Amino acid sequence: MHELSIAASIVESVTESAAAYPGARVKEVRLRVGALASVVEDSLKFCWELATEGSPLAGAALVINILPVILHCDACGVDTEIAGVQSFRCPKCGELAADLRQGRELEIESIELEEPDSVVPDPVEEQV
Ligand SMILES: [Zn+2]
């Protein structure tokens, strides 16, 4: 279950980043995950719960943005989003395009912190 080690390393780097804001609580962590990063979203969320349990990140939400695979075709000179990863051929001209421009990402996009002594309740504007 490699999602667990991914979750653990995310917890580690978020903890490091949040250390710059003593007392602040991590509310939400957003990830950018490429479709080729072989991460199972549900599994990663489950592992996130395990990895954060009992840590200062307990209760922090994990938001995963899956990025589509984008190929660059030399023949057409364009970047195209491909639906599947079965074939790395340019959907326009059919040329084999091995120039992957997006799809392998696995990175933290943003970390949302809650100030320690904020007495003003957050406006509920971002509830999706
Ligand atoms: Zn092409």
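No value in this document is a laboratory result; all are computed from the given coordinates. Please read these numbers as outputs of a predicted model, since none were measured by experiment. Positions of Cβ are generated from backbone atoms using ideal geometry, with glycine treated the same way; all protein chains shown enter the neighbour counts.
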### Task
Compute the long axis of helix 41-52 from its Cα atoms, compare it with the longest principal axis of the Cα atoms of the chain, and write down the angle in degrees, 0 to 90, nearest 10.
30 degrees
### Query
Tell me, which cysteines of the chain are without a disulfide-compatible partner by the Cβ under 4.7 Å rule?
Cys47, Cys93
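Which of rounded, prolate, oblate describes the range 38-99, given a ≥ b ≥ c as roots of the alpha-carbon gyration tensor eigenvalues and a/c under 1.5 marking rounded, otherwise prolate only if a/b is larger than b/c? Walk me through the numbers on the way to the answer.
Numbers: a/c = 5.04, a/b = 3.69, b/c = 1.37.
In terms of gyration-tensor shape, prolate.
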### Task
Let me have the relative contact order for the chain, percent, based on Cα pairs under 8 Å that are six or more residues apart.
32 percent
### Task
With no solvent and one equal point scatterer per Cα, compute the Debye intensity ratio I(q)/I(0) for the chain at 0.09, 0.12, 0.13, 0.19 Å⁻¹ and report its log10, rounded to two decimals.
-0.36, -0.58, -0.65, -1.00
#### Entry: Interchain or long-range residues, amide H under 5 Å from Val63's placed H
Val29, Arg30, Leu31
### Message
Helix 2-18 against the longest principal axis of the chain: what's the angle in degrees, Cα atoms only, rounded to the nearest 10?
### Response
50 degrees
